[in-house]
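> First the structure, which I've put down as C-alpha cells, then a few questions once you've had a look.
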Amino acid sequence: MERTIEMMEIEKNWDKFLSMPIETKISHFMREGRIYDCLFAQQFNREVLEYIFRIANTLRRITKTKEGMNFASSLLNHKRAMLYFIQPSTRTFLSFLNACHILGIKTSEIRDASISSEYKGESPEDTIRTFSSYVDLIIMRHPAQNFVEKSAWLMNRTKRPVPIINAGSSKDQHPTQALLDTYTLYRSFGGVIDGKTIAMVGDLKRGRTVRSLSFLMENYKNMKLVYIAPPEFKMERDVIDFLNKKNISYYETENFEEGIKEADAIYMTRIQDEHDKSGESKKIDYSKYSFTKKHLDIIKKDAIIMHPLPRREEISVEVDDDPRAMYWRQERNGMWARSALISYIFGVDAKIHIENKA
Amino acid sequence: MERTIEMMEIEKNWDKFLSMPIETKISHFMREGRIYDCLFAQQFNREVLEYIFRIANTLRRITKTKEGMNFASSLLNHKRAMLYFIQPSTRTFLSFLNACHILGIKTSEIRDASISSEYKGESPEDTIRTFSSYVDLIIMRHPAQNFVEKSAWLMNRTKRPVPIINAGSSKDQHPTQALLDTYTLYRSFGGVIDGKTIAMVGDLKRGRTVRSLSFLMENYKNMKLVYIAPPEFKMERDVIDFLNKKNISYYETENFEEGIKEADAIYMTRIQDEHDKSGESKKIDYSKYSFTKKHLDIIKKDAIIMHPLPRREEISVEVDDDPRAMYWRQERNGMWARSALISYIFGVDAKIHIENKA
Amino acid sequence: MERTIEMMEIEKNWDKFLSMPIETKISHFMREGRIYDCLFAQQFNREVLEYIFRIANTLRRITKTKEGMNFASSLLNHKRAMLYFIQPSTRTFLSFLNACHILGIKTSEIRDASISSEYKGESPEDTIRTFSSYVDLIIMRHPAQNFVEKSAWLMNRTKRPVPIINAGSSKDQHPTQALLDTYTLYRSFGGVIDGKTIAMVGDLKRGRTVRSLSFLMENYKNMKLVYIAPPEFKMERDVIDFLNKKNISYYETENFEEGIKEADAIYMTRIQDEHDKSGESKKIDYSKYSFTKKHLDIIKKDAIIMHPLPRREEISVEVDDDPRAMYWRQERNGMWARSALISYIFGVDAKIHIENKA
C-alpha cells in the first residue's frame, strides 16, 4: 500500500495515527517492501509467514553443527540490540535473547525500570530515544497500552530510527507469539495448515495468544476452529465477528472431551487471573478444561497438543512424554521463529540458502 | 611528571594520598605515558583530548559498514570488562556497555548491590579486588565519595592491577561526561573550539557536568563563558576562582534570553533536586530557564543546543526537530568517546588508521 | 560402573533415586565415560581432578596472549549457557560467567526469581525445562535442597537434555569450590599434594568448603588434616567417620597457633552466621581463630594461606601482601578450573594441546 499525502499528514499526529485501523497503519511500519517494525500479528500475511518459517527451518538445521552455528552468528555480528522488558517475562525474554545470540547480535538489557533513569523524571519517549542512540534494534515488552506502537511511530519520525519488535504490549498484541504458534502448526503438519481443525481451550476471553492465532487463521483455507471454554471465558465478540466476516468456520462448546476429539491441534491455555478484577477466576471450575493422561486415548493419533506456557494444572505432567505433546518444542520454535524474523527485518535472509522443506 | 621517592612514600598511605592535589596525583594513574585509570576530568589535556576525539571520529566512521564493525570488534575481543553500577543510571551504563561491545570486549555487570556478596560483610575494597580477579577492566559508578579513586589506588598496589574508569563518583567527578561534552563541541565546531562562547544554564551550583566542562575550558584559547542561573543556583566560588586564575573570561546573569543570544553553544541542565536537603528546589521558578520553540528565533543561526540528559521541562520536545538541537547526537557521542577512551587506555589506537578530520 | 536394569527402574522414580548413595548415582550423571552433569564433589576422582587441572593450567597459560585468548574463545563459541543464580552470589557468578566468556560461550542470566515467570505459578521443574529449550548448558545456584540434582535427573529423562553444573546447592554441595580449592593446592605445591598437612580453621561445622575438601582428600596419599575450631564449631561426625574409614590421619585442636605451625596449607573460613538459628554465633570468641600479621612469623616458610572468600575479620588485610597469601589467586583459580571443567564436559579438551606441567 502506498502512502498518500493525506496519510503523511495524519502520521504527524499521534492521536490521529493511533485511531487509524491497523490495516491502514501497516505500511507505515514497512521499509523496502518488508516489515521494519514488528508490532501487530496483522502484519503477517501468508507469504511473509511461510517465508519466515522457511528461514526458521533453515537456521534450525544449519546450526546443528559448529560450522553452521558460526555461520549463523556471523550474519548480524555487526549489530547491537536492546531488550527492554519492564514486565516480568522469562520465556519471551530468554527466547529473544538467545535468538539474538544465534545471529551474533550483541545485547543490552533493562529488566527493571527502577534502576533506570526514569526516576529522574524522564519521559518514556525520551527513554526509548536514548536506547536507540546505542543500538540497532529495540525489542520491548511494556505494560502501557499502545506504548510499543507509539515508540515505533516516534522512531520513524527521527533521523536515526531503529526497528522495534513488540515482545508483548499490555494485553493487546504479542505478534511473535502468534508467529511461533503458527510456525508450530506449519512444522507439525509438514507445511500444510489448510483444512485443519484447531481446538482452543480455556480462558479464551482474556488469552492474548488464542485471539491472535484466530486472526491469523484467515491466511489459511478451510480452517475449522473449535472454541472450548466455560461460559465466563468464551471467546470475545470481536473475534467471532471477524470469523463470520471472513467465512472461517467455527463452533463453540463447553464440553472439553467432545471438542478435542476431532481436532488436529489442541491449544490449551491457562487461566489469566492476573487480569481478574475481584478474584472472579476462583469461582470457576477450570478442572473440566485440563488435559490429563486419559485424554490421550480420545484425541486423534496424529493430533498435536500445544500450550503457550507457563502452565499450571491445564496439562498434567504425565502427558509430557507423549509424542503428540508439542508444547516444549513449541517453546523452542519461538527462538527459531524470532531468529528468522530478525534475519528478515535486517535483510540477511539473502545470505542464507533457504530450504524449501517444511 | 616523574614520581619522586617522597611521593612513593605518600602513595602508601591512602589518607595522605587522598589529600594531595589532583594535579600531583595524576602521574600515579598513568602508565607508559598515558592514562591508565581514568578518574578525573583534569587528566585530559588538550593533546590527549584531541587525540581521543580523532580516535572517536575514526571509530564512528569505520563502523558504518559490517566490515568496519567487525574490524573494531576484533580490537579488544581478548578482553573482559566489569560494569559495576550500584547507582541508578541507564544512559551512562548503556553507553559504556555498547562502547565495550563495539570493541569486542565481553562484559559482566553488577547493577544491584543487594544481590552481591556484600551482605556477607565483605569490605568494598575486597569486592573490587574480587572483580579484578575475573576481568581486565572495571568501569564503575559509585555513590561513596572518593571510592572510585580509592579502588584505583588500591589496585595499583596489587600485583595484578586492572584499569578503572570512573563512570560517576558521588557528586564529584564524572570525567567521561566532560569528555563527551567537549567531543560534541569539537565535532560541532569542525574541530575549532578556541574563541567560542559557551552559555551554561540552570542549576550550575550542583550540576556536575557544567562544573567539569568549565574546568576543561582552560585547554582552549579565548573562550567566553556565560553562566545563566537563578541566584540560588549560581556557579560555585571554586569554579569562579579557577576562571579568574586562568584568565578565562566569563559573565554571570539571571536573564536567560539575554544570555543565550550570543552563544555558540547553549548547555542546558536540569534541576538537581536529588541533592535537595529540604525541598528547596520547589521554591524556585525554573520556567525562566527553559528552552522553548520561541527561543529558536533569538539564538545564533549556527549555535548548538546541548543537554546531558535526562531532561524534564528544560527543553521542550518541539525543539528536538531543529537542526541545532544537538543533545541526541551528544548522547550518542558519549558511546564513541568512551569507545575511543578504552581503545586509548589499552593502546590499540596503534592498530587504527586514525583520521585527521574533525 | 554399568547401569543395571534394576537401576534403570529406580531411576524413573525421583524419591527412590534421591535416596540412593551418591556413589551409586554417579554413573547416572556421566556420558561416554566422563562427567556430564557436575553435581557432587564425589564425582571427582584423582585422575579426573588432575586432568582438569592440567586443562586449567593450559588455558591459563595460552590466554596470556591475544592469539591464545582468541583460540580459547573459539572452542565453544557455538554454545549458549544459562546462569540461573537465585541465591545471592557475586564471586561464583562472576567466576562462571567469565569462564564461559573465555571459552566463547554466549550467556543468559536470571538472578532474581521475582522477574521470572514463577509468579504465574509455573513449577520449578518446568522453569528448568524452559531454560534448557534455549541453551546448551545450565549453571545453577539454588537454595532448595537437592533441587539442582533433581533438575539434572529430570533433564536426563527428556529427549533434549543439557548438562547442569551445580554452582551451590543449599548448604550441601558446591563441587566447583572443592575443585578450585584442590587446584590451588595442586598449583601451589607443584602438582604434589600427597603427604601434605592441611589445617582447616574456623566454623568447620557449617562450612561447606572445608567439608568437601576433606572428602576429596581421599584421592591423595599420606595426608594429614588439622581441624582447628572452637568447640561449638567442630567438624561434624560424618566427616570424622569418613576419615577413620579411609585411614586419613587428622587431629582436632582449639589452639590456633599450635595448629597452624606445621601446616603446608592453612585454610581459613568465616563464621557461617547465615545458618544461625538464634544468634548463637555472637556468643563465640572467634578472634582466636583470626590470622593476623604476627602469625606470618610462626607458619612454615613455604606454607600457603587460603580462604574461600568473602572474608570478614578472619584474615587481616595486612596479610594480603605476604607471598604466602594465596586467597586472591585461589579466587582467580576458580575461573580457570571452571573453564577447564566446562571444556572437559563438552569434550573440547581434545582440541587443546594440554601441558603436563603443574
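The values are calculated or read from the model by the stated rules, or taken from the named source; none is laboratory data. Keep in mind that what you see is a predicted model, and the values were worked out from it rather than measured. Methodologically, a virtual Cβ is constructed for each residue, glycine included, from the backbone with ideal geometry; neighbour enumeration extends over all protein chains shown.
> Quick one: which residue in B:I266, B:I284 is in contact with a strand residue (DSSP E or B) (Cβ under 9 Å, 6 or more places away or on another chain) and at negative phi?
It is B:I266.
> Report yes if some residue within segment A:283-292 is among the hydrophobic types (A, V, I, L, M, F, W, C), part of a helix (DSSP H, G or I) and either surrounded by fewer than 20 Cβ atoms within 10 Å (Cβ to Cβ) or modelled with pLDDT under 95 (or both); otherwise report no.
Checked against the condition, which is being among the hydrophobic types (A, V, I, L, M, F, W, C), part of a helix (DSSP H, G or I) and either surrounded by fewer than 20 Cβ atoms within 10 Å (Cβ to Cβ) or modelled with pLDDT under 95 (or both), segment A:283-292 yields no hits at all.
> With a cut-off of at least 3 residues that are closer than 15 Å to A:M306 by Cβ and not assigned by TED's automatic domain parsing to the domain that holds A:I139, name the strands (runs of 3 or more DSSP E) lying wholly within segment A:169-268.
A:197-201, A:224-228, A:265-268
> Any residue at all in segment A:294-313 that's charged (D, E, K, R), at pLDDT 95 or above and touching a strand residue (DSSP E or B) at 6+ places or on another chain (Cβ under 7 Å)?
No, segment A:294-313 has no match at all.
> Tell me which of these A:I228 doesn't satisfy, since it passes every other one: (1) touching a strand residue (DSSP E or B) at 6+ places or on another chain (Cβ under 9 Å); (2) within 25 Å of A:G168 (Cα to Cα); (3) without any contact (Cβ under 8 Å) to a residue 60 or more places away in the chain; (4) of a type outside the set (S, T, Y).
So the condition that A:I228 fails would be (3).
> Collect the residues in segment A:249-277 that are farther than 16 Å from A:D203 by Cα and of a type in the set (G, A, S), keeping them in residue-number order.
A:S249, A:A263, A:A265, listed by residue number.
> Among C:G104, C:G121, which is the only one that is closer than 20 Å to A:S108 by Cα, surrounded by fewer than 24 Cβ atoms within 10 Å (Cβ to Cβ) and over 17 Å from the mean Cα position of the chain (by Cα)?
C:G104
> Only one of A:F96, A:F44 is in contact with a strand residue (DSSP E or B) (Cβ under 7 Å, 6 or more places away or on another chain), within 23 Å of A:F29 (Cα to Cα) and aromatic (F, W, Y). Can you tell me which?
A:F96
> Can you pull out the residues in segment A:1-44 that are part of a loop (DSSP other than H, G, I, E, B) and polar (S, T, N, Q)?
Correct list: A:T4, A:N13.
> Related question: Hey, can you tell me all the residues within segment A:66-83 that are over 15 Å from C:R80 (Cβ atoms) and assigned to a helix (DSSP H, G or I)?
A:E67, A:F71, A:S74, A:L75
> Can you confirm whether segment C:131-153 contains a residue that is surrounded by 18 or more Cβ atoms within 10 Å (Cβ to Cβ), small (G, A, S), facing chain A (nearest Cβ under 8 Å) and within 27 Å of A:Y84 (Cβ to Cβ)?
Scanning segment C:131-153 turns up at least one residue that is surrounded by 18 or more Cβ atoms within 10 Å (Cβ to Cβ), small (G, A, S), facing chain A (nearest Cβ under 8 Å) and within 27 Å of A:Y84 (Cβ to Cβ).
> Does B:S73 meet the test of being polar (S, T, N, Q), more than 28 Å from C:I105 (Cβ to Cβ) and over 22 Å from the mean Cα position of the chain (by Cα)?
No.
> Limited to segment A:154-173, what total is found for residues that are crowded, with 22+ Cβ neighbours inside 10 Å and more than 13 Å from chain B (Cβ to nearest Cβ)?
Summing the residues that are crowded, with 22+ Cβ neighbours inside 10 Å and more than 13 Å from chain B (Cβ to nearest Cβ) in segment A:154-173 gives 8.
> Out of the residues in segment A:246-283 that are hydrophobic (A, V, I, L, M, F, W, C) and under 14 Å from A:I228 (Cβ atoms), which is nearest to the other protein chains (Cβ to nearest Cβ)?
Going through the qualifying residues, I end up with A:I271.
> Something else about it: Being assigned to a loop (DSSP other than H, G, I, E, B) and either more than 7 Å from every other protein chain (Cβ to nearest Cβ) or among the basic types (K, R) (or both) is the filter; apply it to segment A:90-109 and report the residue that is nearest to A:S133 (Cα to Cα).
A:I105
> Now for a separate question. Please identify the pairs in which a residue from segment C:81-100 that is under 19 Å from A:T90 (Cα atoms) has its Cβ atom under 6 Å from the Cβ atom of a residue that is of a type in the set (D, E, K, R), counting only partners at least 6 apart or on another chain.
Pairs that qualify, where the first residue is under 19 Å from A:T90 (Cα atoms) and the partner is of a type in the set (D, E, K, R), are C:L83/C:E109; C:F85/C:R111; C:F85/C:R141; C:Q87/C:R141.
> Do you know which of the residues in segment B:296-314 that are touching a helix residue (DSSP H, G or I) at 6+ places or on another chain (Cβ under 7 Å) and outside any loop (DSSP other than H, G, I, E, B) is nearest to B:L213 (Cα to Cα)?
Among them, the one singled out is B:M306.
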